[in-house]
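First comes the structure, then the notes that go with it.
The values are calculated or read from the model by the stated rules, or taken from the named source; none is laboratory data. If you're wondering where the values come from, they're calculated on a predicted model, not measured in any experiment. Note: ideal-geometry Cβ built from the backbone for every residue, glycine included; neighbour counts use all protein chains shown. Note: accessible area is taken over every heavy atom of the protein model, side chains too, but ligands, DNA and RNA are not part of it. Shrake-Rupley method; radii C 1.70, N 1.55, O 1.52, S 1.80 Å.
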Amino acid sequence: MQAWPHFPDEETEDAWPRSPCRGKVLSTLPPRRFVPLHGGLATEPWPENATLYQQLRGEQILLSDNAASLAVQAFLQMCNLPVKVVCRANAEYMSPSGKVPFIHVGNQVVSELGPIVQFVKAKGHSLSDGLDEVQKAEMKAYMELVNNMLLTAELYLQWCDEATAGEITHARYGSPYPWPLNHILAYQKQWEVKRKMKAIGWGNKTLDQVLEDVDQCCQALSQRLGTQPYFFNKQPTELDALVFGHLYTILTTQLTSDELSEKVKNYSNLLAFCRRIEQHYFEDRGKGRLS
Amino acid sequence: MAAPLELSCWGGGWGLPSVHSESLVVMAYAKFSGAPLKVNVIDNTWRGPRGDVPILTTEDGIVSQPAKILNFLRKQKYNADCELSAKQGADTLAYIALLEEKLLPAVLHTFWVENDNYFTVTKPWFASRIPFPLSLILPGRMSRGALNRILLTRGEPPLYHIQEVEAQIYRDAKECLNLLSNRLGTSQFFFGDTPSTLDAYVFGFLAPLYKVRFPKVHLQEHLKQLSNLCRLCDDILGSYFRHGPMGISPAGPEMIDVNLRKLTQLVNKESNLIEKVAFLHHCFPMDDNLRQSPQLLPRKLPTLKLTPAEEENNSLQRLSP
């Protein structure tokens, strides 16, 4: 097994990251503007027991799912909303849309970063309120770029590259299940992903072309970031959370070869960006995680 | 260039050089960057490739997808992006991703999946350009491919029903159009006064939606409300595709067309309605050549862009014999 980023409370279901002021969180949040929706369900304040579900950190979760989960956690941290991370082997099946991560807040279940951002906005917290129309358009465009290129490249690398798929992905994906279910589920998922790749035109791409696309994407992100601390200058937005989730996971995950993380390491401002967010929002997890 | 570059793509209709989005993107980029492309329209004969269109045939081989074709043209020094800054280049990539994720499913749905549109417009048009008996098979295959793409990228496993995703993709497409319109604002092209790759992509995706006449049109109506995007399409059509995709120009009133082009650009800032209409009636009967041009007639009614401002009276009077 390859070494995943080791988080101290891997086996327990403690909250990661631990917010220092848990008990006082409600009183320190700014006054909320409630937007009533669906008979007022959204006007409830953010509860203490909000949970985020993902797959098992140590043995099961894959690169792309880990990136998505980390992006949501970063986003919620940036909004100052506490959430408890719970790892379950069947998180993918529990999710309403089939994708992880999903959050369980009050009596609502929302999955994936896009809907979670809208849900949080309906509760009155938003990171992108200060942006004007053109900047919002840019932010959405860059989020699509990350989803289109980085996420698809991660999926390609995990499932369509024979070396990685055989050595790492199949073993991890089916690990909670007994034989022969582990093989069946892994092959089924691989078939689904390959179908999707073929439909969007990535079916004939070679690994080198995919890595070149990743390089182009990172170059675009690096040029957009420039020397600013965050993508839209002083305040982080959901774009920062998404980019951090993907880049941090790529940098800290060991695969059969280091080519993917090498592509990201070429851009020093992206490395500094990840380090900055890690230090600022996940402080008690230890510094120097990025090598 | 030793041998000319040849592009095989689907033909045009409704005032467009091509009805197929990807072919249009490549043609527009070639015009913007000045690449000499010989365009071969796919027709009813058995010659020419049919799958994976557009295809660029060079002396070294075949290049097939639009992104790769554009990269190839850039390597041959036909670069429409040379004036862009690094950040603008990054923005281009991001907006293209936005188009592909948000707008493309709805465009594919409008053309290939929506039953009314598909059976009355798309299928007959494509079938007439494919030789029998392939014309029975290929449109169906393209339609299934489009449906597949929409479901696999937007549908939720394991159900994969089109009705669940229809509402969502149209909502996303309308939002995407609004975002593009906000980004374009009042400038002529996305990055200043010269068109670039992003303009080619936006034109390629929007122009068929804008021009082709469909029975079920709600996305088209939404697009028509965003006047700056419509103006962008019309500008590009008027300036770069006036003479048809082959680059053949009518011998004769070249000067007139140049003046007319400058005129339309100036007129966009002018807004005197009555003078425009009166002058329009005055100026069109004079020159038959102008009237025959297909771009002018549809533009006469809705946008009134051809009508000049008062200052330009002199130059137009010089044109009429």
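Annotations
- Accessible area of region A:85-175 belonging to carbon and sulfur atoms, whole % at 1.4 Å probe: 51
- With N the number of residues in region A:172-291, Rg(Cα) / (2.2 N^0.38 Å) evaluates to 1.29.
- Since only B:ALA106, B:VAL53, B:CYS82 are under comparison, the one whose Cα sits farthest along the positive direction of the charge dipole of region B:1-151, derived from C-beta charges on Lys, Arg, Asp and Glu, is B:VAL53.
- The alpha carbons of region A:68-178 occupy a box of 48, 33, 20 Å along the principal axes, longest dimension given first.
- Residues losing 20 Å² or more accessible surface upon assembly, region A:171-204, compared with the chain by itself, 1.4 Å: A:GLU192, A:ARG195, A:LYS196, A:ALA199, A:ILE200, A:GLY201
- Surface analysis of region A:51-186 yields an accessible area of 34 Å² per residue, using protein heavy atoms and a 1.4 Å probe.
- Buried area at the A-B interface (accessible, heavy atoms, 1.4 Å probe, summed, Å²): 2300
- Threshold 30 Å², region B:88-102 residues less accessible with all protein chains present than alone (1.4 Å probe): B:ALA90, B:ASP91, B:LEU93, B:ALA94, B:TYR95, B:ALA97, B:LEU98, B:GLU101
- Among the protein heavy atoms of region B:75-116, carbon and sulfur supply 47% of the accessible surface, probe 1.4 Å, non-protein parts ignored.
- Burial of 30 Å² or greater, region A:142-161 residues [accessible area, probe 1.4 Å, versus chain by itself]: A:TYR142, A:GLU144, A:LEU145, A:ASN148
- Solvent exposure of region A:194-279 as accessible area per residue, Å², 1.4 Å probe: 41
- Residues whose amide H lies under 5 Å from that of A:GLN108, counting only those 5 or more places away or on a different chain, are absent; hydrogens are built 1.01 Å from N in the peptide plane.
- In order along region A:96-103, the Karplus-derived 3J(HN,Hα) couplings, from 6.51 cos²θ - 1.76 cosθ + 1.60 at θ = phi - 60°, round to x, 10, x, 10, 9, x, 9, 10 Hz, and Gly and Pro are given as x.
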